[in-house]
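Contents: one structure, followed by commentary.
The values are calculated or read from the model by the stated rules, or taken from the named source; none is laboratory data. Because the structure is a prediction, the values reported are computed rather than measured. So basically every Cβ, Gly included, is an ideal-geometry build from the backbone, and we count neighbours across all protein chains shown. Only protein heavy atoms, including side chains, enter the accessible area calculation; ligands, DNA and RNA are left aside. Shrake-Rupley method; radii C 1.70, N 1.55, O 1.52, S 1.80 Å.
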Amino acid sequence: MHEDDSSETSQASFTKETSYNSEKMYQTFQWAKQQEGEMDQDENAPNFDALTQPSNDGNLNSLATKTATDTSLGPRRDSLILTANRISTSTITETERKNDVIAVPPIEDFVFPKPNVSKVPAEKRRLSGYFGADKHEKHKPDKIEEADEPSSQQETQSSLKTADGPGGRSRGTSHSTISIGMSRWPNAQEVSETAATKLIALKLILFSLVLNALLFAFGYAMSTQLQINLPPELVHVTCAVVMLICVLVTNFLTVHALDLGFAVFASMLLTRKKGFSMAICGFIQTPPIKRLSFAQSLSLNSTCRRPLERVSYIWLILESLKFICLICATGILDSNVRSLANAIGCIQFSGKHSSLRDKTYPTLESAAGVAEFVFGTALGCMRSEGNSCSEDGSEFVFGPQLAGVVGSGDTIVGDGFAMSIFTECQCLELGVRHVQSGLMSQKDLDILMQPRINANAYILRLNSLRNQTTSLATVETNVVYANTAACGGASPHVVPICHTTIKNIRDVLTLNTFQTDGTTASIALVNSQVVGPPLDKLHPITDYAVTWSLNTIWPVTSPYELITNVPGLVNALIYWTTPDLKAVDPTLFPLGIETLHAIILRSGLQRSLSSYGARCVRKIDRTDVTQITFSSAGLAAIYVIAGIQFTISLLAISLASVWLLSSSPFGPVLRIVKRPMYFVAVLSDSPFWNVLIGTGNAQKHVLWQQLDVVVRMGEALETVGESIGRIRMERPKLVKPLENGRMYA
């Protein structure tokens, strides 16, 4: 009797359980119809309503049989058979039996139902999980412990809402379930992305943005002068190389930052609902310089050919900036830094008229002897040196003379003189009319007309009446360069006569630079320039003192024979009138006469003016610091490079911002897009692998044309209810986005 009651109870329980499972089966296929919304307009679509109506006999095997025999289901037939079989073996809870309440959990639980582990004995729970018991094990009715009945319908529903996280996974997921999943997929890892991890992954873009901003600021600082604490010798040798390396590093980082930003954007395209072409993975994995050719090798019908072709020009612009980097390196200039040091003894000169006297030295001969070793810049700004001087002609600077010992590159600052020298020359035929006009005296004409015994050239300062009619602030001289072929041939009657005007005579503060090889005898003046008004000048220089000094060392009507110091070369006093030191150039002749007057005036002032000892301020070249700056071309180049690279870095960070704003993680997809090894691993597990069969000897573009199909990367729908999901590359409707806090293989 007891056995009959048990049989009737089991039969009633089985009937109600089958009816409930049929209802779940029906709801499952209703969800499948929603996912295949586009099939509503397809006349050949399978009849889900007829297929999924619950069977009156309570047997779900007929549903599986219908599914297996219905060929109109297409590729979804196998998944539906698996769903029917799993639902047919599922159970309902005791609460649902007693209250006759059908709770509708998430759709993943319809496809992959999980038993209520709290109602299963402990020995059963140790051997079962989400995967259920062994398929080949014969299930026997287990005794289900009586549970406290919920006090209300709300408590019943709240007791069912214990799922934690997406997919309705229970918080009480057993450790054994994870272990079983790890035994099947031992290389699975948990995907957990936060804002901090995303920023760390994008640190290259942020670093590139900062470096390009610093490069722009460095160019702005170099527009004037930048002082660095390095010796001048080291800076002169290595500064250009270091600058080239720095600019190339910023270019290299900008290229990789753009690669990363575009790869993040491509990952977003591949994980969105519509998907994107798989060819974008090959585009990113191709070197930047070859991406344009890759995009052009895709099929003309490809939807991504035109966008990728346009985007590839950005990388070509970045690569072309490497050539401009050479201009930045060659455009950098360095100079020494001077600082004040101890004062040094020097000799200064006074223009006091009562102190003028002839010291009989130096002479024209000694001036011509040292002229061979005189630097043109030591005399001031000489037009014969190719310098752009003032409109008044060459500027002669006469500063203090050194009385102590200085190092190479040292500079002394002291009071001195400055004046402008301007010369005009013309060829004239000698005659009495020049005496009558006052250009020369009769004695000057007699000297020029008498035959010369030797063939040496000579200069003659004419005793001209015109020099006596000048103003007090100007000194004028007329010089004849005789016995030379400067006027179209060596003619004794046609000679060049130069008129020189010395004006703007003033006292100034001069800066004089010296060089030496370490010995006292080798100290030489190499540069003289005006830096300002004089510090203390009781007796200023006048035109009278200049005329006195010039007449003392070079009297009028006294020819000076220009004897050569080296056979075949001209005299050192007229070196600046010839380009090859052998023949006088008429175009350089006036400029050379200006330099000749500066050399003679320098010796004449030393011979005539009174001198006194003084202390001059000393400026030395520092050996621990150097000033660097950019030329105009180098500055323009660095602005162009920094501006373009900074803009592209902003573009890269804007592309990567889609990852920061996304709620779904796609870090694994980013790794697949960037690294060929991971791409091949996912491709080999996709149905698109078969299109590469028979292409082992094909060209590269053929392979990517075969792979130029729209795909979506994410979690496969078939692993939604499992403890470990699988990352697949499938048709867009067969995958779903990844989830944070879930393990994936």
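If you go through region 528-547 one residue at a time, how many are acidic (Asp, Glu) and open to solvent by 50 Å² or more (accessible area, probe 1.4 Å)?
Quick first cut of region 528-547, residues acidic (Asp, Glu) only: 536, 543.
Next cut, open to solvent by 50 Å² or more (accessible area, probe 1.4 Å) only: 536.
Of the residues in region 528-547, 1 are acidic (Asp, Glu) and open to solvent by 50 Å² or more (accessible area, probe 1.4 Å).
Filtering region 572-584 down to residues that are closer than 26 Å to PHE417 by Cβ and touching a Leu at 6+ places or on another chain (Cβ under 7 Å), which residue is surrounded by the fewest Cβ atoms within 10 Å (Cβ to Cβ)? Top of the filtered list is TYR575. Annotation: of all residues in region 558-581 being farther than 15 Å from TYR458 by Cα and part of a loop (DSSP other than H, G, I, E, B), the one that is nearest to the chain's Cα centre (by Cα) is PRO579.
Residue check: GLU739 meets all listed conditions (1) part of a loop (DSSP other than H, G, I, E, B); (2) open to solvent by less than 30 Å² (accessible area, probe 1.4 Å); (3) touching a Ser or Thr at 6+ places or on another chain (Cβ under 6 Å) but one, namely (3).
Out of all the residues in region 343-367, which are within 27 Å of VAL406 (Cβ to Cβ) and not β-branched (Val, Ile, Thr)? Please lay out each step first, then the result.
Just the residues of region 343-367 that are within 27 Å of VAL406 (Cβ to Cβ), to begin with: 343-351, 359, 361-362, 366-367.
Across region 343-367, the qualifying residues are ALA343, GLY345, CYS346, GLN348, PHE349, SER350, GLY351, LYS359, TYR361, PRO362, SER366, ALA367.
Open to solvent by less than 30 Å² (accessible area, probe 1.4 Å) and at negative phi: is that true of ALA636 in this structure? The answer is no for ALA636. Among residues that are aliphatic (A, V, I, L, M), over 29 Å from ILE327 (Cβ atoms), modelled with pLDDT of 90 or more and more than 22 Å from the chain's Cα centre (by Cα), ALA263 is not included.
Criterion first (under 30 Å from SER408 (Cα atoms), at pLDDT 90 or above, surrounded by 18 or more Cβ atoms within 10 Å (Cβ to Cβ) and of a type in the set (A, V, I, L, M)) does LEU550 satisfy it? Steps first, answer last, please.
On the way: under 30 Å from SER408 (Cα atoms): no; at pLDDT 90 or above: yes; surrounded by 18 or more Cβ atoms within 10 Å (Cβ to Cβ): yes; of a type in the set (A, V, I, L, M): yes.
Spelling it out, it is not the case that LEU550 is under 30 Å from SER408 (Cα atoms), at pLDDT 90 or above, surrounded by 18 or more Cβ atoms within 10 Å (Cβ to Cβ) and of a type in the set (A, V, I, L, M).
Scanning region 182-219 for residues being part of a helix (DSSP H, G or I) and either modelled with pLDDT under 90 or closer than 20 Å to THR254 by Cα (or both) gives a total of 24. Considering only region 370-406, state which residues are surrounded by 15 or more Cβ atoms within 10 Å (Cβ to Cβ) and under 42 Å from the mean Cα position of the chain (by Cα). Of everything in region 370-406, those that are surrounded by 15 or more Cβ atoms within 10 Å (Cβ to Cβ) and under 42 Å from the mean Cα position of the chain (by Cα) turn out to be THR377, CYS381, GLU385, CYS389. Looking only at region 241-297, count every residue that is touching a strand residue (DSSP E or B) at 6+ places or on another chain (Cβ under 8 Å) and among the aromatic types (Phe, Trp, Tyr) and tell me the total. Number satisfying all stated conditions: 1. Within the bounds of region 472-479, is there any residue that is outside any strand (DSSP E or B) and either open to solvent by less than 20 Å² (accessible area, probe 1.4 Å) or at pLDDT below 85 (or both)? Yes; the residues of region 472-479 include at least one that is outside any strand (DSSP E or B) and either open to solvent by less than 20 Å² (accessible area, probe 1.4 Å) or at pLDDT below 85 (or both).
Against the test of being farther than 28 Å from PHE252 by Cα, out of contact with any Pro (no Cβ under 9 Å at 6 or more places or on another chain) and not polar (S, T, N, Q), the options ILE620, ILE648 yield a single qualifying residue, ILE620. Close Cβ contacts (under 7 Å, 6 or more residues apart or on different chains) running from residues in region 362-386 that are farther than 23 Å from SER558 by Cβ and touching a residue at least 60 places away in the same chain (Cβ under 8 Å) to residues that are open to solvent by 70 Å² or more (accessible area, probe 1.4 Å) and part of a helix (DSSP H, G or I) comprise GLY376/GLU385; THR377/GLU385.
For TRP689, the criteria (1) in contact (Cβ under 8 Å) with a residue 60 or more places away in the chain; (2) under 22 Å from THR303 (Cα atoms) hold in every case but one, which is (1).
Among the residues making up region 623-633, those that are open to solvent by less than 70 Å² (accessible area, probe 1.4 Å) and farther than 27 Å from PHE252 by Cβ are VAL625, THR626, GLN627.
Applying the condition of being more than 20 Å from GLY376 (Cα to Cα) and either under 45 Å from the mean Cα position of the chain (by Cα) or β-branched (Val, Ile, Thr) (or both) to region 506-527 and asking which residue is most open to solvent (accessible area, probe 1.4 Å) yields THR520. The set of residues in region 663-712 being closer than 21 Å to LEU202 by Cβ, at pLDDT 90 or above and open to solvent by 70 Å² or more (accessible area, probe 1.4 Å) consists of ARG671, LYS674, ARG675, TYR678. Against the list (1) without any contact (Cβ under 8 Å) to a residue 40 or more places away in the chain; (2) over 30 Å from TRP315 (Cβ atoms); (3) not hydrophobic (A, V, I, L, M, F, W, C), the condition THR647 fails is (2). Of the residues in region 281-301, none is in contact (Cβ under 8 Å) with a residue 60 or more places away in the chain, closer than 30 Å to GLY409 by Cα and under 30 Å from the mean Cα position of the chain (by Cα).
Only one entry of VAL735, VAL710, VAL682 meets the criterion of being over 40 Å from the mean Cα position of the chain (by Cα) and in contact (Cβ under 8 Å) with a residue 12 or more places away in the chain, and that entry is VAL735. Look at region 233-247: where a residue is in contact (Cβ under 8 Å) with a residue 60 or more places away in the chain and a partner is assigned to a helix (DSSP H, G or I) and not aliphatic (A, V, I, L, M), sitting 6+ places away or on another chain with Cβ atoms under 8 Å, you get ALA240/THR330; MET243/CYS328; LEU244/CYS325; LEU244/CYS328; VAL247/CYS325; VAL247/CYS328.
Going by the conditions given, is THR587 assigned to a loop (DSSP other than H, G, I, E, B), within 19 Å of CYS487 (Cβ to Cβ), open to solvent by 30 Å² or more (accessible area, probe 1.4 Å) and among the hydroxyl-bearing types (Ser, Thr, Tyr)? Walk me through how you get there before you give the answer.
Details: assigned to a loop (DSSP other than H, G, I, E, B): yes; within 19 Å of CYS487 (Cβ to Cβ): yes; open to solvent by 30 Å² or more (accessible area, probe 1.4 Å): yes; among the hydroxyl-bearing types (Ser, Thr, Tyr): yes.
Considered against the rule, which asks whether it is assigned to a loop (DSSP other than H, G, I, E, B), within 19 Å of CYS487 (Cβ to Cβ), open to solvent by 30 Å² or more (accessible area, probe 1.4 Å) and among the hydroxyl-bearing types (Ser, Thr, Tyr), THR587 comes out as yes.
Reported count of residues in region 264-294, each being touching a Cys at 6+ places or on another chain (Cβ under 9 Å) and within 21 Å of LYS700 (Cα to Cα), is 5.
In this structure, does LEU660 turn out to be touching a helix residue (DSSP H, G or I) at 6+ places or on another chain (Cβ under 6 Å) and open to solvent by 60 Å² or more (accessible area, probe 1.4 Å)? The answer is yes for LEU660.
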